[in-house]
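First up is the structure itself, then whatever we jot down about it.
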Amino acid sequence: MYLSNRRRSNHTLPFATVKAEEVSGSQPAEVHNLVQGKWTKSSNWNTILDPLNGQPFIKVAEVNESELKPFVESLSKCPKHGLHNPFKSPERYLMLGDVSTKAAHALGLPEVSDFFAKLIQRVSPKSYQQAYAEVFVTQKFLENFCGDQVRFLARSFAVPGNHLGQQSHGFRWPYGPVAVITPFNFPLEIPVLQLMGALYMGNKPVLKVDSKVCVVMEQMLRLLHDCGLPVDDVDFINSDGKTMNKLLVEAKPRMTLFTGSSRVAEKLADDLSGRVKLEDAGFDWKILGPDVNEVDYVAWVCDQDAYACSGQKCSAESILFMHENWGKSSLIDKMADLAARRKLDDLTVGPVLTVTTEAMLDHAKKLLQIPGSRLLFGGEALQNHSIPKIYGAIKPTAIFVPLEEILKAEHFHLVTKEIFGPFQVVTEYKDNQLPLVLDALEKMHAHLTAAVVSNDILFLQKVIGNSVNGTTYAGLRARTTGAPQNHWFGPSGDPRGAGIGTPEAIKLVWSCHREVIYDVGPMPLGWKVPAST
């Protein structure tokens, strides 16, 4: 059972210290830190406002710079060769497989999955279906690494040597002390998948989750402890960005995984001398090919890709390139109708936690000043709500910008600015303008997800062969969002790019290659010392 230094209330779940439905201004939750196996408070409490009504509903014990010593010491205790590796403590591979088995079973229980889905909704408002999908993907990921699957991540290989007794063996090796920094938009899925990947490969991680949503991962850590994870395997810190940066500089983790904004990612890359893996911004594109089919379905996917979770996905559809054949169809009208169905009551549209209403509407105004641009739908603030002004609240928005204008130097940066909210740009191209579309893709700097919606195989080959996005969906049912646990999710085109979800992603991000060459003899008969060379 997990250890806690605070009194447990009468909760139906053995690990939980909060009730999702009861977290409110009158019953605020508390979030603590975990370091060297102990849950701790700090001298400073950061009060988080309820994104739906502005009430102070969560108190986070945030560590300040003077309180970092225990975290630095904890990471420094982990050697570079990790908590385990193929030659050291291999039983830990089995232990983590057992933890994954128990945690997967726990998340599969309706009362547990409902608890986490509702807790996610409280801190990062999205529809219940979207929140539950996050729990479901996390549970399936854990199922994928039950039993022996963790040790299979450390599978090695051998190559015959030049003579008897010589063999070259390649091993996956941990980094040792590492850091995991994750954003607000997926409070459970991203930190769990990356944290467990780090543990599977033998690392000792310190985890930092955006304070707005950190209560979710605090509860998940308590569940993992309940499932047998040693309490000193993971440190959990709550702090502001400046303090976390100081911890990284002082503790010098061998590798840091960062998921978040490009600006912070580049700063970390500099501060940590490149010892980072990044899954940063995603100005994600979708191209509709010349073959028009299943307009209702394609319109629905476009709506989901652009506006589910209020557009707060790094994989959200940011720009839609539609062939003129689609422009002649009812696609845009159907997209507008679908967007109009979204409402605050069921959180199919809701608070935007990193961009204000004014900022989004100002961006729309600037786009509409581009010659030929026009508002397709949206472009207005939500009405009759209590969302605090520090957050954003607008109707799902689409703005048409002519392709030729997008490519102009004076417009390109503005058009391709990622707005982390329910906002997308739409444009149209003709057959002979596909090279212009491909030129636009080449000019973009973030290459996370993409979709090529077409069953024309020659068209697919052309676009895929001339683009680079790390997770690219192709075919009539292609999308940009909704990555499950069964395929790689991450950017491409950058050697610092991080993946998530699959064995390949875990091995790439959380281990490095080590080669051990055995050369045990025997010595050739009659061997003599040769001449110097």
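The values are calculated or read from the model by the stated rules, or taken from the named source; none is laboratory data. No experiment lies behind these values; they were computed from the predicted model shown. Counting neighbours? That spans all protein chains shown, and the Cβs are built from the backbone with ideal geometry, glycine included. Note: areas computed on protein heavy atoms with side chains; ligands, DNA, RNA excluded. Shrake-Rupley method; radii C 1.70, N 1.55, O 1.52, S 1.80 Å.
Before moving on, here are some points about what is shown:
- Assuming charge only on the beta carbon of Lys and Arg (+1) and of Asp and Glu (-1), the dipole of the stretch 285-474 about its Cα centre is about 420 debye to the nearest 20.
- Radius of gyration over Kirkwood radius for the stretch 242-344, both on Cα atoms: the Rg/Rh ratio is 1.20.
- Expected-Rg normalisation [2.2 N^0.38 Å, Cα atoms] applied to the stretch 285-474: 0.99
- For the stretch 491-533 versus the stretch 267-336, the inter-centroid distance based on Cα atoms is 39 Å.
- Solvent-accessible area of the stretch 76-198 (1.4 angstrom probe, protein heavy atoms only): carbon and sulfur portion equals 57 percent.
- In the chain, the longest principal axis of the Cα atoms and the axis of helix 295-307 are about 60 degrees apart.
- DSSP bridge orientation in the stretch 285-474 - percent antiparallel, rounded to nearest 5: 20
- Tyr297 sits with roughly 70 Å² accessible to a 1.4 Å probe, with DNA, RNA and ligands left out of the calculation.
- Cα Rg, Dmax (largest Cα-Cα span) when computed across the stretch 16-138, Å: 18.3, 54
- Cβ-placed point charges (K, R +1; D, E -1), dipole of the stretch 367-477 about Cα centre in debye, nearest 20: 300
- Principal-axis analysis of the Cα atoms of the chain puts helix 110-123 at an angle of about 60° to the longest axis.
- Mean residue ellipticity, 222 nm, helices only, the chain: the sum of -39500 (n - 2.57) across DSSP H runs of n ≥ 4, divided by residue count and rounded to 500, is -10500 deg cm²/dmol.
- Gyration tensor verdict on the stretch 59-107 (Cα atoms; rounded if a/c is under 1.5, prolate if a/b is larger than b/c, oblate otherwise): oblate
- In the frame of its principal axes, the stretch 320-380 has Cα extents of 36, 30, 16 Å, reported largest first.
- Per residue, the solvent-accessible area of the chain (1.4 Å probe, heavy atoms of protein chains only, all protein chains present) comes to 42 Å².
- Rolling a 1.4 Å probe over the protein heavy atoms of the stretch 285-474, with every protein chain left in place, gives an accessible area that is 51 percent carbon and sulfur.
- Extended-chain gain in nm, criterion 0.36 nm per residue less alpha-carbon gap, His413 and Leu109: 104.8 nm
- 13 Å beta-carbon shell around Glu418, net charge (K/R +1, D/E -1): 0
- DSSP assigns beta bridges within the chain; of those with both partners inside it, close to 40 percent run antiparallel.
- Mean Cβ count within 10 Å, highest first, over the residues of peptides 220-226, 152-158: 220-226, 152-158
- Packing here is the average count of other Cβ atoms within 10 Å per residue, and on that basis the peptides 106-113, 476-483, 159-166, 335-342, highest first, run 476-483, 335-342, 106-113, 159-166.
- Computed over the chain, the range of Cα coordinates on each principal axis works out to 84, 66, 40 Å, biggest value leading.
- Pairs of C-alpha atoms in the stretch 433-533 farther apart than 16 Å represent 70 percent of all such pairs.
- Using the average count of surrounding beta-carbon atoms within 10 Å as a protection proxy, the listed peptides 314-320, 514-520, 43-49 rank, highest first, as 314-320, 43-49, 514-520.
- Between 0 and 90°, nearest 10: helix 357-368 axis offset from the chain longest Cα axis: 60
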